[in-house]
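Notes follow the structure.
The values are calculated or read from the model by the stated rules, or taken from the named source; none is laboratory data. None of the values given here were measured: they were computed from a predicted structure. Backbone-built Cβ (ideal geometry, glycine too); neighbour counts: all protein chains shown. Accessible surface is based on the protein model in full, side chains and every heavy atom, while ligands, DNA and RNA are left aside. Shrake-Rupley method; radii C 1.70, N 1.55, O 1.52, S 1.80 Å.
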Amino acid sequence: EDQVTQSPEALRLQEGESSSLNCSYTVSGLRGLFWYRQDPGKGPEFLFTLYSAGEEKEKERLKATLTKKESFLHITAPKPEDSATYLCAVQSFQIQGAQKLVFGQGTRLTINP
Amino acid sequence: GAVVSQHPSWVICKSGTSVKIECRSLDFQATTMFWYRQFPKQSLMLMATSNEGSKATYEQGVEKDKFLINHASLTLSTLTVTSAHPEDSSFYICSASLASGSTDTQYFGPGTRLTVL
């Protein structure tokens, strides 16, 4: 059974204080690892897809990396508007049907000005 | 691109009534859409997978007679909560799947807040 564990559960940073969020996963065959951002009362917003170990993707202050067992979301010099819950999800190869996502519990990130 | 809308954004209804939620992919066609439920400070829980022109596939423990799903076109899926009760109050989110590279990316709607009195 595919599993995703995110840590920490919550993280408070000062504006400009860089850090990383962790996503550990076990999957039978990784088709893709996804990062989403979710603001309170809204649907998740797609950020990145990573396909294979060693891959990296960047968007503004965010950089996602992938190994065979985990993914990191690095946030550099964050701003208060980066405050949100960050969700990690994996998609595995399935014999038939749509490709479901298995989500982690998320990391609630708060950036204090 | 890849915009998904939901309607309504919030709804309040009386116990015993039925509520329909619409999910639309605005700028792409989606063979597959998904319906999730989210409780406060929890992650998304997949309820069902909706495929255009066929019956939905429900996750274990989800009552298919209570949560009716119809995927009538490549841009529209609906979720009807039948005979709603207070315990059905929740945040319902849909997503639409778009092929991207070697995988399918799910793009999410803004969610619908259901309150059953």
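Couple of notes before you dig in:
- The number of residues in segment B:70-104 that are within 7 Å of another protein chain (Cβ to nearest Cβ) and in contact (Cβ under 8 Å) with a residue 24 or more places away in the chain comes to 3.
- When the test is whether a residue is touching an Asp or Glu at 6+ places or on another chain (Cβ under 9 Å), within 11 Å of chain B (Cβ to nearest Cβ) and open to solvent by 20 Å² or more (accessible area, probe 1.4 Å), residue A:37 passes it.
- Screening B:78, B:82 for residues that are at pLDDT 95 or above, farther than 28 Å from residue A:29 by Cβ, surrounded by 14 or more Cβ atoms within 10 Å (Cβ to Cβ) and within 10 Å of the chain's Cα centre (by Cα) leaves exactly one candidate, B:78.
- Some residue of segment A:67-83 being surrounded by 14 or more Cβ atoms within 10 Å (Cβ to Cβ), in a strand (DSSP E or B) and within 14 Å of chain B (Cβ to nearest Cβ): no
- Criterion violated by residue A:64 - all others in (1) open to solvent by less than 60 Å² (accessible area, probe 1.4 Å); (2) in contact (Cβ under 8 Å) with a residue 12 or more places away in the chain; (3) in a loop (DSSP other than H, G, I, E, B); (4) closer than 27 Å to residue B:34 by Cβ satisfied: (3)
- Exactly one residue out of A:12, A:108, A:31, A:37 is of a type in the set (Lys, Arg), farther than 24 Å from residue B:42 by Cα and part of a strand (DSSP E or B), and it is A:31.
Table: residues versus (1) open to solvent by less than 10 Å² (accessible area, probe 1.4 Å); (2) without any contact (Cβ under 8 Å) to a residue 24 or more places away in the chain; (3) farther than 28 Å from residue A:108 by Cβ; (4) assigned to a loop (DSSP other than H, G, I, E, B).
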| position | (1), (2), (3), (4) |
| --- | --- |
| B:53 | no, yes, yes, yes |
| B:63 | no, yes, yes, yes |
| B:68 | no, yes, yes, no |
| B:106 | yes, no, no, no |
| B:110 | no, no, no, yes |
| B:113 | no, no, no, no |
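- Residue match in segment A:1-11 (condition: open to solvent by 40 Å² or more (accessible area, probe 1.4 Å), over 30 Å from residue B:3 (Cβ atoms) and at pLDDT below 95): yes
- Test: residue in segment B:34-49 that is in a loop (DSSP other than H, G, I, E, B), within 14 Å of chain A (Cβ to nearest Cβ) and crowded, with 17+ Cβ neighbours inside 10 Å: yes
- For residue B:72, the conditions (1) under 22 Å from residue A:89 (Cβ atoms); (2) at pLDDT below 95; (3) outside any loop (DSSP other than H, G, I, E, B); (4) open to solvent by 10 Å² or more (accessible area, probe 1.4 Å) are fulfilled apart from (1).
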